[in-house]
Every structure is written in structure tokens, then in C-alpha cells.
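Here's the structure, in C-alpha cells; my notes come after.
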Amino acid sequence: MNILLTISFSSIASGIHHWLVSTIPNELLAKSIEMVIVGICLLLFLVPLCFILGYMERKVAGFMQMRYGPNRVGPYGSLQIVADTVKLVMKEGLTPTGSDKFLFNLAPVIMVVTCMLVLAPIAFAKDFQIWDINIGVLYVSAISSLAVIGILMAGWSSYNKYSLLGAMRSGAQIVSYELSVGLSLISIVILTGSLKMSDIVMSQETGWWIIRGHIPVIISFVIFVIASTAEINRAPFDLAEAEQELTAGFHTEYAGMKFAMFLLAEYINLFIVSAIAATLFLGGWMPFHIGHWEAFNHIMDFVPSSLWFLGKTFFIIFIIMQFRWTFPRLRVDQLLTLEWKYLLPISMVNTILVTVMAIMGWHF
Amino acid sequence: MSLLGEDIVTEEGEFVINIGPQHPSTHGVLHLKVWLDGETIKKVQPHLGYIHRSIEKMSESLSYRNFIYATSRMDYLSAHINNQACALCVEKGLQIEAPPRAQMIRVILAELTRLASHQLWWGCTGLDLGAVSPFFYAFREREAILEIMEETCGARLTQNFCVPGGIMTDIHPNFQKRTNDVLKQIKSKFQEYDDVLTGNVIFENRNKNVGFLSAEDAISFGCTGPMARGSGVSCDVRKWFPYDGYDKVQFDEVLGKEGDCFSRYMVRMHEMKQSVSIIEQLIDNIPEGDFQAKTKMVLKLPKGEFYQRVETARGELGVFIVSDGAASPYRIKYRSPNFSNLSALDHIARGYKIGDLVAIMSTIDLIIPDVDR
């Protein structure tokens, strides 16, 4: 079973690569075709993923609110989200008069493209990674901050006062919370000594960082979850779209497919932050290993690595979804207070602690 | 210059937005014009009239038995208490009194109405501040109360159970047992309410030190009900001007101190407990007897002016009837609690953020059909 899995991903991918390079003489053309194939595979992965997350969100909400959630379309309501997507696609994509039409139509595209770019260095399973770039963590934090451009663009070009307020809020919010996210990522980079995603996963072969790294890593894990919830604009930090204050915030004027793209981006972002948290703190696809207990580790290896990765990711997604259905929303000044007065100083001190711990070798 | 056609930014550099008439947090068709400086509120101007149905004028052509039913549509969450106010006012004019059994059932139903109304408010407060789940927990208990209403009154929301001289029919045989069950359920859930919202740090921060209303201002704006009591003004009509036997039950008037949103919130939370205790005192002691006093077929009030006030879930409702001796009132005027409470909104909200405006509105607990009538 283990052997089968190692065959499946890496060797199929390299087989296709070698076949393309050998059959097509022009190297540039071969690489372009390869990229298109990767892009199609990514889309084929993302759309069902968003269906699953949408369905999961509704079921979690139903579970927390003493109701069933969707249960009419398809078995256990599983096709409800498909029906909703069809509805969104069929709807007229309105562009308001007075809006900046170019930016208005560009904004949802930017949102989706940026979050798809971030997926590149994430290791979905053993040897299954689109692009194992050597500055993986830096790449992720750099590209994910581009999303704010999409939101600002949407808010500005909509020619709507609510949208503008929502966009301005999210600008301040995302820029602030980026710092805490970055600092908590750095704590793992310090411990690993590498920015490369595969190195970070491999460094957790004798135990995940959240276990090996004592309290400082747990602190940075908690900060990462809080700050990244804020960065992807999810409740209780959903000030950019604060329904009760700004109706729908920056995407008030969007309808149909353009709105669906914002929704798609929201769910992909949710998956990405959970995947990064799982990779950095919970070992990514690395099975649950304890030190040098060879027999135990070997038993754990029988569970496929993709299952480990998805299990951890969906565990964090479940936690973030519970936030949304539990907490009230923060006010805009409280949101910034939380970041600048609490999370950022704590992360700074924590970074020093992690550094000392790494130098002295106090971690397991 | 038209109301909506003004420029986005005024000459002073203020940003003007229209919240409502269709907006998720105005709980109806309230239209607020808000002048903003960044996120800070400079001025709030409520515009009314989107749901004006001229209930007062309409009542002038209805008989004294019929005009009561229109009042269910004013403050629809306190429909029974509105009916009670009108029935009491007509009774005052006719110089009759409802039999003790009818009075007691009226009070029990009024307190159940208050409980249901406060529960809806509690759910909506959570919803306004972005917590969706409390809404469903609140509706669980509210639904149980509405089922009692349905069984006894035949309607869930607009009960129309009070008639001049008593109540329309006798209570359902299951009424007492069912009410006791519901009380037990509600009492066991108070802790859950506190766990979900009251004790939540985010919720406390959103409500504490927000939306101050001093006792003097509360009086001068004519605020009543939990809103004035949150500022420490003792104004419970049930205590000061008891009606329908409220003087015979033991209950405390809940008073807040600070006058901010959180103190208004706590007043309502404690009021729910007081309502439960009032119903508990009465539910097993309903006296036997008639449920309606004997009245003529056509009611005619003597010439004169009659005023009756009651405490609805939102404050003091006054019914003022001018009679010229005919079978329908010459003039009717309702002093609705929400209208006065809304008038304080501009004063409270100035200087706070947009998010605070939502919190303030939800603790004022506005019902727009009651403002417009």
C-alpha cells in the first residue's frame, strides 16, 4: 500500500514530464503544456474542494444551531451546493452604472488567481507538490498579501458607499494581521532552518513541531490561527463584509458568477491557511511519529500521507468554522487593538523565545 | 434637494450613508441617514413613515370591540399587551372591571409575551453583533411559548385575546401544565444564554462603555421601559400604576446603573427572570369564575377622555380615547414606547462607530410598526 502511494504521485508526475520533454522538441512548449495540465488538475481539485467546504460549512452551522442544514437536494443534501452554484452561474452578472467597469470585473479574478498561486508550494502528500520552491514560506506570505488588492479594487470600483467602507476596513485589517502571521511563520522557520516546504515537513519526522516545540510553538500556532482567520476575512473578523453593518461590504454590488468567484476565493483561502497551519505546526503529510519508536512509527506510516494531510487540514478548518458560528464580530478599533497591542507584542516576544530555544536546543 | 439625491460627501467633508429602509440590522423599514467622519458617527437622522398604516385614524371608524385588533399590528411582539391596554381603557370608560380569573390570565399571557419578546430581542442582539447561533437558541424557547399562545388564543403572534370586560374564551385545559413545562425549560436555559453571549469577551467589549444615556436624558427624551431602566430611571408602570392585579404579585423592578448598552442588555436579561417568577406565582392559583364581565352588545363610552398606560416589553404604552358618546371613539392616540426611545438614538450614537450604532439599535430594541403605527 505504501509502495503503491509512492508510485502514484511522484512517478506519474515525473513520467508525464519525461514523456512531454522527449516527444516535444521545443522545451518551452513542453513546459507550457505541462503548466496547463497542472492548472487543469488544480481546478479539478479546487472546485470539488469548494463544494465540500461549502457543504461542510452549512452542516457545521446546522450542527451548532440545532437544525439539519441542507437535506433536500441529493443524499443528505450533498448536492445543494451544486444547485446553488448552478443558480449563481445562471444569474445575470450585473455591473452597476457609475462603476469602474475594468477594475470591477478584474477584482474577482485577482482574488481567485492570488489564492490559486498560493497553492503551488503546498505539499498535499508525500512527493506530491506542484512547485517545491526553496523560499516556500516567504512565497506564501508574499503572494497571499496580494489578496488585499482584489478587495480594495472591488470596494473602490463598485461606486457604493458600503463597499468603500468595507474595502477600507479590510485594507487596514489585512495589512495589520499580516505581521502576526509572518512572525508566527518565522518561529517554525527558525526551528527548521529552511524556508522550503518539503524541508519543513521532513524536519518533523521525529515529531510534529507543535509537540516538539514546547509552549512557544503552541503560542505561535494559536496566534497563527487567530491572525489568519482575520487575514481571510472570516468571522469574528469579517469586518470587510460585516453583514449587519455594511450589508455585504466590498462585494455588495457583485452578483452571479463574479460573486461566486469571491466565494470560491474565500473557501480556497480557508483551505490554504488551514493547510499551511497543518504543514508548519502539525507536520503536513508526515504521519504521527514519536521520536525513535520504530515499530510505532512504522504502523503510522500505513495510513496514506494524503489522508494525514487532509485530516489535519480539515481539523483546522472545522475549528475556524466553529469560530464563525460562535463569536460576535469585533468592532473595527477593537480589531486593530487586538493586533497591535496584544498579538504583535506577544509574537515578538515569542519569536525571541523560539530563537533562544532553537539556539540552546531545548526542543525535543 | 431630495432626501436621497445628495452627494456622497457634504461640504464639510462628511460621508453620508443611508442605512435602511432595507438593511439587515434596522429590523424593519427604518431609514437612518448617517453622517460619518471616517467610521465615526457625526449625526443620525431617522426617517419614518415607511410602514404608516394610520391605525389611529382607522380606529375612529371602528367600534370599541373592533379597534383593539388593529393594535396587535403595532408592536407585534407585544400584541397581547397592546390589546390589554386598549381593553383596560375601554373598561375604564365603561366603569367595569374584568373578573379576577380574566385578569390573572391576562397577566400570565402578558408575561409570556414579554418573555417571548425578550427572547427574540436576545437572539437579534447576537445576530446584530455577528453571532448567528444565539438566534436559534432564542427561537427554541420562543417557539414553545408561541405554541402555548396558539393553543389558548388560536394565534401565535397577533393573539387578539383581550376583549373589553375580560378575555375572549376560557383557557385551554392544557394551559397550566404546558406553561409549567415551558417555564422549567426556560429556567434551565438561562445559564446557556449567559454562556453564549453575556460572558463572551468580544460581546462585553462591544457593549460596555458604548451608547451612554444618562438618567436625565432618558427622562427628557421620554424613554421608558428597559431602556430608561438601564440608565437607572424607575419607570415600571406595573409598579407605579398597577393594573390587572400586578399589585398582588411579588417582583422586582430591575434597574441598571451605567446606562450603556451592556446595562440595557442586563436589565432585559434579569427582566426575563422576573417574568418567569411572576408567572410561577400565578399559574397554579388561577381563580375559578367567569372569564368575561357582562357587557352590552354595542359598547358606548360616556362622553369624556380616558387614558390607560401599561408596560409592554419595550416600555410604556399609553392609550388615550376621546369619546363623544357614540359607538366608536371620536379620537384615539397611542403613546408608543418605541417612538420616544428612537428619538434618543441621535443623542446616544454621536461619536461612536458604525458597529456601535448597530449595538445601540439592538439594545433600544426597536419595532418599526410601533414607531409609525
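The values are calculated or read from the model by the stated rules, or taken from the named source; none is laboratory data. Small disclaimer: the values here were computed from a predicted structure and weren't measured. FYI the Cβ positions are ideal-geometry reconstructions off the backbone, even for glycines, and counts take in every protein chain you see. Just the protein is used for accessible areas: all its heavy atoms, side chains included, with ligands, DNA and RNA removed. Shrake-Rupley method; radii C 1.70, N 1.55, O 1.52, S 1.80 Å.
Quick check on my filter: what residues within the stretch A:219-232 are open to solvent by 10 Å² or more (accessible area, probe 1.4 Å), over 12 Å from the mean Cα position of the chain (by Cα) and under 16 Å from A:Asn269 (Cβ atoms)?
A:Ile226, the sole residue that qualifies.
Determine if the stretch A:312-326 includes at least one residue that is over 30 Å from B:Tyr352 (Cα atoms), part of a helix (DSSP H, G or I), touching a Gly at 6+ places or on another chain (Cβ under 8 Å) and aliphatic (A, V, I, L, M).
No; the residues of the stretch A:312-326 include none that is over 30 Å from B:Tyr352 (Cα atoms), part of a helix (DSSP H, G or I), touching a Gly at 6+ places or on another chain (Cβ under 8 Å) and aliphatic (A, V, I, L, M).
For the subset of the stretch B:195-228 comprising residues that are more than 14 Å from every other protein chain (Cβ to nearest Cβ) and without any contact (Cβ under 8 Å) to a residue 12 or more places away in the chain, which member is farthest from the chain's Cα centre (by Cα)?
Once the filter is applied, the top-ranked residue is B:Glu216.
Which residue is nearest to A:Phe281 (Cα to Cα), if the candidates are limited to the stretch A:173-190 and must be among the aliphatic types (A, V, I, L, M) and open to solvent by less than 20 Å² (accessible area, probe 1.4 Å)? Walk me through it before giving the result.
Start the filter on the stretch A:173-190 by keeping residues that are among the aliphatic types (A, V, I, L, M), which leaves A:174-175, A:179, A:181, A:183, A:185-186, A:188-190.
Narrowing the set further to residues that are open to solvent by less than 20 Å² (accessible area, probe 1.4 Å) leaves A:174, A:181, A:185, A:188.
Numbers: A:Ile174: 22, A:Val181: 13, A:Leu185: 9, A:Ile188: 8 Å.
Restricting to residues being among the aliphatic types (A, V, I, L, M) and open to solvent by less than 20 Å² (accessible area, probe 1.4 Å), the top hit is A:Ile188.
Looking at the stretch A:248-271, which of the residues that are within 10 Å of the chain's Cα centre (by Cα) and open to solvent by 10 Å² or more (accessible area, probe 1.4 Å) is nearest to the other protein chains (Cβ to nearest Cβ)? Please lay out each step first, then the result.
Residues of the stretch A:248-271 within 10 Å of the chain's Cα centre (by Cα): A:265-271.
Okay, now just the ones that are also open to solvent by 10 Å² or more (accessible area, probe 1.4 Å), so A:266-267, A:269.
Numbers: A:Glu266: 16, A:Tyr267: 18, A:Asn269: 19 Å.
The selected residue is A:Glu266.
I'd like the residue in the stretch B:284-299 that is under 27 Å from B:Leu183 (Cα atoms) and assigned to a loop (DSSP other than H, G, I, E, B) and, out of all such residues, is least open to solvent (accessible area, probe 1.4 Å). Even if it seems obvious, please write down each step before you answer.
Step one: of the stretch B:284-299, the residues under 27 Å from B:Leu183 (Cα atoms) are B:284-292.
In the following step, the residues that additionally are assigned to a loop (DSSP other than H, G, I, E, B) were identified as B:284-291.
Details: B:Asp284: 101, B:Asn285: 97, B:Ile286: 20, B:Pro287: 40, B:Glu288: 160, B:Gly289: 47, B:Asp290: 102, B:Phe291: 64 Å².
So, considering only residues that are under 27 Å from B:Leu183 (Cα atoms) and assigned to a loop (DSSP other than H, G, I, E, B), the one least open to solvent (accessible area, probe 1.4 Å) is B:Ile286.
Collect the residues in the stretch B:183-193 that are more than 21 Å from the chain's Cα centre (by Cα) and touching a residue at least 12 places away in the same chain (Cβ under 8 Å), keeping them in residue-number order.
B:Gln185, B:Lys187, B:Lys189, B:Glu192
If you take the residues of the stretch A:24-76 that are of a type in the set (Ser, Thr, Tyr) and in contact with a helix residue (DSSP H, G or I) (Cβ under 8 Å, 6 or more places away or on another chain), which of them is least open to solvent (accessible area, probe 1.4 Å)?
Per the criteria, the residue is A:Tyr55.
I'm told B:Pro329 meets every condition in (1) within 30 Å of B:Met227 (Cα to Cα); (2) buried (at least 19 other Cβ atoms within 10 Å of the Cβ) except one. Can you identify the failing condition by its number?
(1)
May I ask you to list the residues in the stretch B:147-163 that are assigned to a loop (DSSP other than H, G, I, E, B) and either within 14 Å of chain A (Cβ to nearest Cβ) or surrounded by fewer than 23 Cβ atoms within 10 Å (Cβ to Cβ) (or both)?
Those that are assigned to a loop (DSSP other than H, G, I, E, B) and either within 14 Å of chain A (Cβ to nearest Cβ) or surrounded by fewer than 23 Cβ atoms within 10 Å (Cβ to Cβ) (or both): B:Gly154, B:Ala155, B:Arg156, B:Leu157, B:Thr158, B:Asn160.
So how many residues does the stretch B:218-243 have that are farther than 17 Å from B:Asp356 by Cβ and in a helix (DSSP H, G or I)?
Residues in the stretch B:218-243 being farther than 17 Å from B:Asp356 by Cβ and in a helix (DSSP H, G or I): 11 in total.
Let me confirm something: among A:Ser141, A:Ser170, which residue is in contact with a Phe, Trp or Tyr (Cβ under 8 Å, 6 or more places away or on another chain) and either small (Gly, Ala, Ser) or open to solvent by 10 Å² or more (accessible area, probe 1.4 Å) (or both)?
Sole residue among the options that is in contact with a Phe, Trp or Tyr (Cβ under 8 Å, 6 or more places away or on another chain) and either small (Gly, Ala, Ser) or open to solvent by 10 Å² or more (accessible area, probe 1.4 Å) (or both): A:Ser170.
Does B:Asn209 fit the bill of being closer than 30 Å to A:Val332 by Cα and out of contact with any strand residue (DSSP E or B) (no Cβ under 6 Å at 6 or more places or on another chain)?
yes
Is it the case that some residue within the stretch A:237-247 is within 14 Å of chain B (Cβ to nearest Cβ), under 21 Å from the mean Cα position of the chain (by Cα), closer than 30 Å to B:Arg206 by Cβ and aromatic (Phe, Trp, Tyr)?
yes
Have a look at B:Ala138, B:Ala131, B:Ala144 and point out the one that is part of a loop (DSSP other than H, G, I, E, B), within 14 Å of another protein chain (Cβ to nearest Cβ) and open to solvent by less than 40 Å² (accessible area, probe 1.4 Å).
None of the other options fit; the residue is B:Ala131.
For the stretch B:94-119, enumerate the residues that are free of Cβ contacts under 8 Å to residues at least 40 places away in the same chain and surrounded by fewer than 23 Cβ atoms within 10 Å (Cβ to Cβ).
The one that is free of Cβ contacts under 8 Å to residues at least 40 places away in the same chain and surrounded by fewer than 23 Cβ atoms within 10 Å (Cβ to Cβ): B:Gln95.
Identify all residues within the stretch A:94-105 that are farther than 16 Å from A:Leu264 by Cα and either open to solvent by 40 Å² or more (accessible area, probe 1.4 Å) or among the aromatic types (Phe, Trp, Tyr) (or both); write none if there are none.
Correct list: A:Leu94, A:Thr95, A:Thr97, A:Gly98, A:Asp100, A:Lys101, A:Phe102, A:Leu103, A:Phe104.
For the stretch A:318-364, which positions are open to solvent by 20 Å² or more (accessible area, probe 1.4 Å), of a type outside the set (D, E, K, R) and over 25 Å from the mean Cα position of the chain (by Cα)?
Answer for the stretch A:318-364, where residues must be open to solvent by 20 Å² or more (accessible area, probe 1.4 Å), of a type outside the set (D, E, K, R) and over 25 Å from the mean Cα position of the chain (by Cα): A:Val349, A:Ile352, A:Leu353, A:Thr355, A:Val356, A:Ala358, A:Ile359, A:Met360, A:Gly361, A:Trp362, A:His363, A:Phe364.
Residues of the stretch A:106-138 being farther than 21 Å from A:Leu46 by Cβ, open to solvent by 50 Å² or more (accessible area, probe 1.4 Å) and assigned to a helix (DSSP H, G or I), which ones?
A:Leu138
Run down A:Ile226, A:Ile232 and say which single residue is within 14 Å of chain B (Cβ to nearest Cβ), out of contact with any His (no Cβ under 9 Å at 6 or more places or on another chain) and over 30 Å from B:Leu32 (Cβ atoms).
None of the others qualify; the one that does is A:Ile226.
Determine which member of the set A:Ala235, A:Ala230, A:Ala167, A:Ala172 is touching a Gly at 6+ places or on another chain (Cβ under 9 Å), hydrophobic (A, V, I, L, M, F, W, C) and assigned to a helix (DSSP H, G or I).
A:Ala167
Out of (1) within 20 Å of the chain's Cα centre (by Cα); (2) over 30 Å from B:Lys43 (Cβ atoms), the odd one out for B:Gln176 is which?
Of (1) within 20 Å of the chain's Cα centre (by Cα); (2) over 30 Å from B:Lys43 (Cβ atoms), only one is false for B:Gln176: (1).
Just one of the numbered conditions (1) more than 21 Å from the chain's Cα centre (by Cα); (2) open to solvent by less than 10 Å² (accessible area, probe 1.4 Å); (3) within 14 Å of another protein chain (Cβ to nearest Cβ) is not true of B:Trp122; which one?
All conditions pass for B:Trp122, except number (1).
Suppose we keep only residues that are open to solvent by less than 40 Å² (accessible area, probe 1.4 Å) and in contact (Cβ under 8 Å) with a residue 60 or more places away in the chain within the stretch B:8-27. Which one would you say is nearest to the other protein chains (Cβ to nearest Cβ)?
Looking at residues that are open to solvent by less than 40 Å² (accessible area, probe 1.4 Å) and in contact (Cβ under 8 Å) with a residue 60 or more places away in the chain, I get B:Ser25.
Scan the stretch B:63-93 residue by residue and report those that are open to solvent by 50 Å² or more (accessible area, probe 1.4 Å) and closer than 22 Å to B:Gly304 by Cα.
B:Arg65, B:Asn66, B:Lys92
Of the residues that sit in the stretch B:28-47 and are outside any strand (DSSP E or B) and more than 10 Å from chain A (Cβ to nearest Cβ), which one is nearest to the chain's Cα centre (by Cα)?
Checked the stretch B:28-47; the qualifying residue nearest to the chain's Cα centre (by Cα) is B:Gly28.
Would you call A:Phe323 over 22 Å from A:Gly136 (Cβ atoms) and within 14 Å of another protein chain (Cβ to nearest Cβ)? I'd like the intermediate steps shown before the answer.
On the way: over 22 Å from A:Gly136 (Cβ atoms): yes; within 14 Å of another protein chain (Cβ to nearest Cβ): yes.
Judged against the criteria, A:Phe323 is a match.
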